[in-house]
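Have a look at the structure below before the remarks.
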Amino acid sequence: MNGVHDMGGMDGFGKVEIEPNEPVFHAEWEARTMALVRAMGAAGAFNIDTSRFYREALPPHVYLSSSYYKKWLLGLEDLLVDKGYVAPEEVEKGHALKPTKAPPRGPFRRDDVERILVRGKFGREPQAPAKFKPGDRVRAKNIHPATHTRLPRYVRGHFGVVELNHGSQVFPDSAAIGAGDDPQWLYTVVFESAELWGADADPTVKISIDAFEPYLEAA
Amino acid sequence: MAQDHDHSHDDHDHHDHGHGSELSEMQIRVRALESVLTEKGYVESAALDAIIEAYETKIGPHNGARVVAKAWTDPAFRQALLEDATKAVSTLGHVARTGDHLVAVENTPQRHNMVVCTLCSCYPWEMLGLPPVWYKAAPYRSRAVKDPRGVLADLGIALPNDTEIRVWDSTAEMRFLVLPMRPKGTEGWSEEQLAELVTRDSMIGTGFPKTPGAPS
């Protein structure tokens, strides 16, 4: 979706400021929110792409004015309600009032923690041979899906070169909407700065994205 | 979607954090959700505690620093890391664990690498821990791909004008670890000593390692 989350190339957000000796969390609720999202995801209540989609789908003014973990919480509440794991009145009251819906991978327990500290695997058997190889010139398609996509707006319609093939992986555009893994080849594609930002761009800069094959056409 | 987000909230609950006198609206709201989820049997509170403890105490930039220091002292490991970082890191056992899809990119005098996630906050958690606020915030996400030199200038970093800057936008599940250049004056240093010089930001590409003898 063409949302405000797709920030690459936007102006006006100000300086980047690093907080010295930043704590891992700035408040206890941030830590609990992070853990709840990880736990419910691991229980199979949703996948990572769906959780990203829910955060992107927050109204633009809410997205831009909410802290990072507040976006996580708002997305989580919406997701758990939409998927039927909690009812709005339960969120409101802070107590279980309705029957439990069993999550696909079962409840998340203390013994499950170790396994989620290592990233999940996104590689999947390919559905077809790779169309592109390193060195191929490609164009990022000019597409504007209203649902989740990982093709940022700032590269759409632009020409780049395939640099790496990372294998066949879960296709987020499909997984996010519950339509299955639909594995696609994933490539690192490199763009010259002038191709993306015009003739005045810094000529020493190159930008790459990781692009799934359906985002690309031969050029 | 399900909820009404139009009521406004105050996110700035830092000031009363730690005093215990008043719970912020966000604390109340998160506690409410946690109560629902534990009462319904979806999660154990002890499991949440353990996740938090892992990211507060076990998983952080020290993991990536050990990998970088190893690459600085062991040419065969450096080569293996650049060829297949997931495989190379998995040979280190207790030093750091990683799942699939890790890529290490090497800084050289000719090329400086910098990592961003313009769409959200993708970051190599296993190597660096949870990302800092600035990495997840609009100023960095918006400008890193268009004006990386300007971003580096904000951070007090100046590169030679002819150094190529390569910005890696983490748009999928690949995770990028920058292998910074080894500081001069560290000949003969042990891996442990070198690891102390490796900063979080040097592994994102928004900083350099500390130099020997400089105040930390």
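The values are calculated or read from the model by the stated rules, or taken from the named source; none is laboratory data. These figures come from a predicted structure and were not determined experimentally. Please note: Cβ atoms are built from the backbone with ideal geometry, for glycine as well, and neighbour counts cover all protein chains shown. Just so you know, the surface numbers come from the protein's heavy atoms only, side chains and all, with ligands and any DNA or RNA stripped out. Shrake-Rupley method; radii C 1.70, N 1.55, O 1.52, S 1.80 Å.
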With the first residue restricted to region A:173-195 and required to be in contact (Cβ under 8 Å) with a residue 40 or more places away in the chain, and the second required to be among the polar types (S, T, N, Q) and part of a strand (DSSP E or B), Cβ contacts under 6 Å at 6 or more apart or on different chains are A:Pro183/A:Ser168; A:Trp185/A:Ser168; A:Tyr187/A:Asn165
Exactly one of B:Leu159, B:Leu119 is facing another protein chain (nearest Cβ under 10 Å) and buried (at least 21 other Cβ atoms within 10 Å of the Cβ), and that residue is B:Leu119
If we keep only residues of region B:195-213 that are open to solvent by less than 30 Å² (accessible area, probe 1.4 Å) and of a type outside the set (A, V, I, L, M, F, W, C), then the residue farthest from the other protein chains (Cβ to nearest Cβ) is B:Pro209
Please verify whether region B:77-96 includes one or more residues that are under 14 Å from the mean Cα position of the chain (by Cα), open to solvent by 20 Å² or more (accessible area, probe 1.4 Å) and not basic (Lys, Arg). no
Going through (1) modelled with pLDDT under 95; (2) more than 9 Å from every other protein chain (Cβ to nearest Cβ) one by one, A:Glu114 fails only at (2)
Flagged in region A:202-213 as more than 8 Å from chain B (Cβ to nearest Cβ) and in contact with a Lys or Arg (Cβ under 8 Å, 6 or more places away or on another chain), in numbering order, are A:Glu213
